[in-house]
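> There's a structure below that I have some questions on.
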Amino acid sequence: MTKGESNAQIAQMLERIADLLETQNANPFRVRAYREGAQSIRDAHEAVSGFIHHNQTEKLDALPNVGSGITGVVGEYIASGRSSLLADLEASNSPEKVFSNVPGIGKQLASRIVDQLHIKTLPELEEVAHNGQLASVEGFGKKRLEGIKTGLAGLLSRSAQSQQRARTNDAPKSGGKSDDRPSVKQLLDVDAEYRKGVKDNSLQRIAPKRFNPNNQAWLPVLHTDNDGWKFTALFSNTQQAHKLGKTDDWVVIYFEKGSTERQHTVVTETKGPLKGKRVVRGRDGENQAYYSAATAKA
């Protein structure tokens, strides 16, 4: 077996791809696919490089959570010793290049941040901006720091804002129905399953990169299926959730079916007739209809 061909090394390459996709706010299902594929290859009882060398790609394709896409990436890596996808991601994710795009940080300051703080991603930059480490780097006064915090909040929330616009544009007209997204009932069922799993301590926990200086595996994650939809649920780990103390209340639910890949957030309503109830943000009318129907059946 040549250098770089062990199952552990192949898995490490796939996990690196997942990490870089995550820094770009890529679809969470794509990130998850690379992480789960990496784990399957790490756990495989045979050397998967042999599948490629002996033209038995169907054996690699048949491993749990390894489809044709990951098989292609692994095949290229075994055949050439490199992954063009990984190379492209690394080229577009140079820390200095990423940081220099933040308002208030030019190329010189970006290089200084990387050299002194050894960080690579915008979430890490946001973390050091808030915990005081960035202030220790020459050139970052109070005014510049505040501007960077504001700029980062906007940059890191663009993905969520884009998804919200998509949800708004795709929302059904009054009285209509939409089958390109789960019902409020389905989302609330997933929310209830997630929170029960948290209470029972039965869910896998991950170590998020943001707001987690000690790299603790504290964030519970649920993967579940319902009526053809694939769901991933986890507590919100955003700056706003931390600021408002809602990291144990706001549940972000990603969902996928066919070509549809979006998200919704379930929260405890704080006002109005549904105060105290769990509701899906942005679907007020459906929330009201759901609870009205539940009351009528009671």
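The values are calculated or read from the model by the stated rules, or taken from the named source; none is laboratory data. Everything numeric here is computed off the predicted structure, so don't read it as measured data. FYI the Cβ positions are ideal-geometry reconstructions off the backbone, even for glycines, and counts take in every protein chain you see.
> With a cut-off of at least 1 residues that are more than 17 Å from T121 (Cβ to Cβ) and aliphatic (A, V, I, L, M), name the helices (runs of 4 or more DSSP H) lying wholly within the stretch 1-103.
Those helices (runs of 4 or more DSSP H) span 7-23, 28-43, 48-53, 57-61, 68-80, 84-92.
> Further question: In this structure, is K143 outside the structural domain of F235 (by TED's automatic domain parsing), surrounded by fewer than 16 Cβ atoms within 10 Å (Cβ to Cβ) and modelled with pLDDT of 85 or more?
Yes: the conditions hold for K143.
> With (1) surrounded by 12 or more Cβ atoms within 10 Å (Cβ to Cβ); (2) more than 30 Å from E124 (Cα to Cα); (3) modelled with pLDDT of 90 or more as the list, and K257 as the residue in question, which single condition is left unmet?
(3)
> Additional query: When G139 is evaluated against the numbered criteria (1) within 30 Å of I70 (Cα to Cα); (2) more than 26 Å from the chain's Cα centre (by Cα), which criterion, by number, is the only one it fails?
Of everything listed in (1) within 30 Å of I70 (Cα to Cα); (2) more than 26 Å from the chain's Cα centre (by Cα), G139 misses just condition (1).
> Quick test for you: out of G72, G67, G81, pick the one residue that is surrounded by fewer than 17 Cβ atoms within 10 Å (Cβ to Cβ) and in contact (Cβ under 8 Å) with a residue 60 or more places away in the chain.
Criteria check complete, one pass: G81.
> Return the residues of the stretch 108-119 that are out of contact with any Leu (no Cβ under 8 Å at 6 or more places or on another chain) and within 19 Å of T150 (Cα to Cα); say none if nothing qualifies.
L109, A110
> Checking L21 against (1) modelled with pLDDT of 85 or more; (2) crowded, with 19+ Cβ neighbours inside 10 Å, which test does it fail?
The one condition L21 does not meet is (1).
> Going through the stretch 194-229 one residue at a time, which ones are free of Cβ contacts under 8 Å to residues at least 12 places away in the same chain and farther than 19 Å from V31 by Cβ?
Matches in the stretch 194-229: K196, K199, D200, N201, S202, N214, Q216.
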